Amino acid sequence: MGRYSEAEEWADITPIAQNDGGPNPLAAIAYTEEYSEAMGYFRAVTARNENSERVLDLTEHIISMNPAHYTIWLYRANTIFELQQTNGSDLQDDILEELQWLDNLSLKHLKNYQIWHHRQTLMTRLDRIPPTELAFLAQMFAKDAKNYHVWSYRQWLVRRFALWDTELPYTESLLAADVRNNSAWNHRWFVLFGQHVDPRSGKGLDELGHIVDEDLLDREVGYTEDKIRLAPQNQSPWNYLRGLLRKRGSLVECKAFAEEFVGDVEGEGEGCRSSHALDFYADCMAEEKEAEKAGKALELLAKRFDPIRRNYWNYRRGLLGLGAVQA
Amino acid sequence: MSLVSGPGRAQVAGGNLPNELQLAVEKHVKYIQSLDTRKDELEYWLTEHLRLNGVYWGLTALHLLGHPDALPRHETVEFVLSCQHDNGGFGPAPGHDPHMLYTVSAVQILVTVDALDELEKRGKTGREGVGRYIAQLQDRDDGSFAGDEWGETDTRFLFGALNALSLMRLLSYIDVTKAVAYVQACANFDGGYGVSPGAESHAGQIFVCVGALAIADRLDLVDKDRLGSWLSERQLNNGGLNGRPEKLEDVCYSWWVMSSLAMIGKLGWIDKDKLSKFILQCQDPELGGMADRPGDAVDVFHTVFGIAGLSLIGYPGLKPVDPIYCMPLEVVNRAVGR
Ligand SMILES: [Zn+2]
């Protein structure tokens with residue numbers, strides 16, 4: 001009794017039992033019947049190298065029970081492409097149908113990454129991005145705006161279909177919703193500075209000086225400062241700001257900005273609203289050869305505002321020729 | 001090795017009783033040994049695609065705990081060999097397709113139990129065949145590695161290739177210079193590294209990128225102060241480390257962050273006492289095993305990274321771990337001839 005053993009459609013197939021290769025055959029174990037039966041038929045169709053509609057049904061069934069089974073996904077993708085060849089059907093239509101099924105599955109299994117690999121394999125065969133694709137990704141981000149698989153898929157998609165122009169406003173909407181979304185900050189960098197980058201070798205990315213557009217940098221510095229004012233104790237935009245300024249080789253143009261948040265940096269740090277601002281201020285002071293002032297900011301970090309990283313702040317003091325402080 | 005989670009749970013609260021701040025060595029050994037007796041649970045089968053990785057995790061944990069013989073060596077080697085394909089690559093279990101990640105685990109296991117000669121004698125291919133399987137997954141134009149013939153690239157695969165090939169002393173099979181250049185292309189503005197050029201910095205990806213550079217002997221390319229600062233910022237007030245800004249702490253991320261710090265010589269930038277206490281709070285002191293964070297169900301994946309983490313920060317009684325390979329230091333020293 002079973003879904004396959006009793007089906008007319010599968011009567012020609014003899015399922016192949018599990019063999020785990022070890023010394024103890026596992027035939028006797030109480031594997032749940034449904035999964036076990038489906039896997040037996042899967043082993044049998046792969047042994048015959050069968051690519052058919054019923055293989056799509058079978059793999060869909062197994063994936064519904066175990067979406068992480070990597071071999072099933074590979075076989076399914078292959079079957080879709082093989083079937084299209086034999087049927088002469090429209091590949092575009094076949095893929096869109098598959099994507100629709102994937103959408104629901106992805107929304108259910110947020111941490112699964114095989115789904116995204118499969119999606120990318122399908123998308124590689126399309127010349128244009130399906131009109132619903134970005135709306136679907138927005139649904140994914142509504143569930144988890146930092147999902148790493150979805151982000152790396154999205155970056156691949158942006159490069160594949162040259163979606164650069166609409167991405168910048170998109171990062172703005174994500175940051176308006178959550179200014180602490182580090183993935184969105186990274187994506188903003190990718191969109192602005194990754195566009196002219198060779199997608200395979202990455203040449204041109206990072207601070208190699210390939211793209212230094214002063215107007216763009218000015219605009220981004222202003223944008224980032226505004227976002228920091230909304231939540232000064234937020235490391236993502238501070239890192240972003242440092243990344244921008246590194247392209248110009250100096251932090252000091254934003255020293256006055258950092259001073260808005262450091263509080264009584266000459267005293268006990270009363271009124272300090274951001275450890276990142278203190279850190280930034282210390283680097284500005286070091287750049288201006290004001291070792292004592294820099295050292296005082298680092299001392300406040302080590303003692304009061306970020307004592308868990310005391311050793312790091314003391315290392316920074318050491319670089320300025322100053323001694324370590326205790327927490 | 002089963003990837004089934006539970007039965008235990010990391011303790012929920014406190015962690016202040018003296019016995020809770022001790023590593024429950026015997027309990028963890030028993031827990032790992034018990035995993036393979038759980039074949040009557042569906043989850044055992046649903047996690048079959050991770051079986052070989054699971055053996056590596058369990059075996060490594062046992063070695064670090066000082067119980068290298070707690071898993072039967074012969075069966076372990078038999079199982080690994082049964083996962084090999086004619087092309088030299090390994091799948092996670094018999095009947096599964098070969099992939100870089102499983103091939104790396106296979107090599108790590110065989111090296112740990114000093115059984116590369118068994119591969120030579122009884123494998124579908126010898127070690128050179130395994131090396132060729134890995135080498136053909138490199139894109140000779142950009143230096144990146146695919147995980148399998150389907151061509152998906154990920155810096156994890158690149159690290160895996162350097163890891164396994166160096167353990168077999170076959171690094172000459174690949175273009176290491178190009179692999180290093182690809183890792184460089186994954187460096188980000190914040191000092192970290194991502195899964196591909198332009199992708200967000202992530203502790204797991206930093207571990208593989210820095211590990212690859214360490215194996216290639218090119219740590220000189222890392223901006224150690226900037227990366228070390230970003231990594232040390234991952235420590236939260238509860239002592240645990242997260243993998244990205246604004247994410248929760250987790251034992252596995254704790255390992256990736258601290259091993260990366262160790263590789264660049266900055267392990268002192270985190271508070272080791274607080275971290276050690278956090279990891280110990282993630283163990284189930286009664287039934288054994290560790291979870292991602294206190295209160296969650298234990299599993300073998302977090303168990304090995306918790307124990308490896310404790311070893312790296314010098315918890316007494318544990319065998320020293322190699323931060324690059326996450327294997328016993330003495331095993332790695334023997335394999336690579338340090
Ligand atoms: Zn984890």
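The values are calculated or read from the model by the stated rules, or taken from the named source; none is laboratory data. As the structure is a prediction and not an experimental result, all values here were calculated from the model. Cβ: placed from backbone, ideal geometry, glycine included. Neighbour counts: every protein chain shown. Side chains included, ligands, DNA and RNA excluded: accessible areas come from the protein's heavy atoms. Shrake-Rupley method; radii C 1.70, N 1.55, O 1.52, S 1.80 Å.
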Going by what's in this entry, would A:Glu172 be described as away from chain B (no Cβ under 14 Å) and open to solvent by less than 10 Å² (accessible area, probe 1.4 Å)? no
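Here's the yes/no breakdown for (1) out of contact with any strand residue (DSSP E or B) (no Cβ under 8 Å at 6 or more places or on another chain); (2) open to solvent by 10 Å² or more (accessible area, probe 1.4 Å):
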site	(1), (2)
B:Thr155	no, no
B:Leu165	yes, no
B:Ile174	no, yes
B:Ala179	no, no
B:Ala187	no, yes
B:Gly194	yes, no
B:Ile206	no, no
How many of the residues in the stretch B:265-279 are away from the ligand (no atom under 16 Å from the Cβ) and open to solvent by less than 10 Å² (accessible area, probe 1.4 Å)? 1
Would you please name the residue that is nearest to B:Pro72 (Cα to Cα), looking only at residues in the stretch B:110-142 that are of a type in the set (A, V, I, L, M) and assigned to a loop (DSSP other than H, G, I, E, B)? B:Val113
Cβ contacts < 7 Å: first residue over 23 Å from B:His85 (Cα atoms), restricted to the stretch B:140-151; second residue part of a loop (DSSP other than H, G, I, E, B), any location; separation 6+ or different chain. Result? B:Arg140/B:Asp175; B:Asp141/A:Arg200; B:Asp142/A:Arg200; B:Asp142/A:Ser201; B:Gly143/B:Asp175
Evaluate the stretch A:88-99: report whether one residue or more is more than 25 Å from A:Pro131 (Cβ to Cβ), outside any loop (DSSP other than H, G, I, E, B) and polar (S, T, N, Q). no
Is one or more of the residues making up the stretch B:318-338 within 16 Å of B:Val210 (Cβ to Cβ), within 16 Å of the ligand (Cβ to nearest atom) and assigned to a loop (DSSP other than H, G, I, E, B)? yes
Quick check on the stretch B:286-302. Is at least one of its residues closer than 20 Å to A:Ile308 by Cα, part of a helix (DSSP H, G or I) and away from chain A (no Cβ under 14 Å)? no
Given the conditions (1) open to solvent by 10 Å² or more (accessible area, probe 1.4 Å); (2) closer than 24 Å to B:Ser201 by Cβ, report the number of the one that A:His187 does not fulfil. (1)
Considering only the stretch B:220-245, state which residues are within 16 Å of the ligand (Cβ to nearest atom), surrounded by fewer than 24 Cβ atoms within 10 Å (Cβ to Cβ) and under 21 Å from B:Ala199 (Cβ atoms). B:Asn242, B:Gly243, B:Arg244
Test for B:Ser260: is it more than 15 Å from the ligand (Cβ to nearest atom), open to solvent by less than 10 Å² (accessible area, probe 1.4 Å) and in a helix (DSSP H, G or I): yes
Tally of residues being closer than 21 Å to B:Val195 by Cα and small (Gly, Ala, Ser) across the stretch A:166-195: 3
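Residue-wise test of (1) at pLDDT 95 or above; (2) more than 24 Å from A:Lys289 (Cβ to Cβ).
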| site | (1), (2) |
| --- | --- |
| A:Arg200 | no, yes |
| A:Glu214 | no, yes |
| A:Thr224 | yes, yes |
| A:Ile228 | yes, yes |
| A:Gln233 | yes, yes |
| A:Arg248 | no, no |
| A:Val252 | yes, no |
Could you please give the count of residues in the stretch B:50-74 that are within 14 Å of chain A (Cβ to nearest Cβ), open to solvent by less than 20 Å² (accessible area, probe 1.4 Å) and either without any contact (Cβ under 8 Å) to a residue 12 or more places away in the chain or touching a Ser or Thr at 6+ places or on another chain (Cβ under 6 Å) (or both)? 2
Check B:Val104, B:Val77 and return the single one that is surrounded by 24 or more Cβ atoms within 10 Å (Cβ to Cβ) and not in a loop (DSSP other than H, G, I, E, B). B:Val104
Please work out if B:Ile109 is without any contact (Cβ under 8 Å) to a residue 60 or more places away in the chain, within 17 Å of B:Gly211 (Cβ to Cβ) and surrounded by 19 or more Cβ atoms within 10 Å (Cβ to Cβ). no
If we scan the stretch B:295-309, do we find a residue that is away from the ligand (no atom under 16 Å from the Cβ) and open to solvent by 30 Å² or more (accessible area, probe 1.4 Å)? no
Has the stretch A:102-125 got at least one residue that is over 28 Å from B:His99 (Cβ atoms) and surrounded by fewer than 20 Cβ atoms within 10 Å (Cβ to Cβ)? no
Does A:Gly209 count as more than 18 Å from the chain's Cα centre (by Cα) and at pLDDT 90 or above? no
Among the residues of the stretch A:243-261, how many are touching a helix residue (DSSP H, G or I) at 6+ places or on another chain (Cβ under 9 Å) and open to solvent by 40 Å² or more (accessible area, probe 1.4 Å)? 6
Take A:Val212 and tell me if it is assigned to a loop (DSSP other than H, G, I, E, B) and either more than 30 Å from B:Asp271 (Cα to Cα) or touching a His at 6+ places or on another chain (Cβ under 7 Å) (or both). yes
The listed residue being within 27 Å of A:Lys227 (Cα to Cα) and within 14 Å of chain B (Cβ to nearest Cβ), out of A:Asp283, A:Asp264: A:Asp283
Assuming B:Trp255 fulfils every condition listed in (1) more than 14 Å from every other protein chain (Cβ to nearest Cβ); (2) in a helix (DSSP H, G or I); (3) more than 16 Å from the ligand (Cβ to nearest atom) apart from one, which condition is it? (3)
Apart from one, (1) surrounded by fewer than 18 Cβ atoms within 10 Å (Cβ to Cβ); (2) at pLDDT 95 or above all hold for B:Lys39; the odd one out is (2)
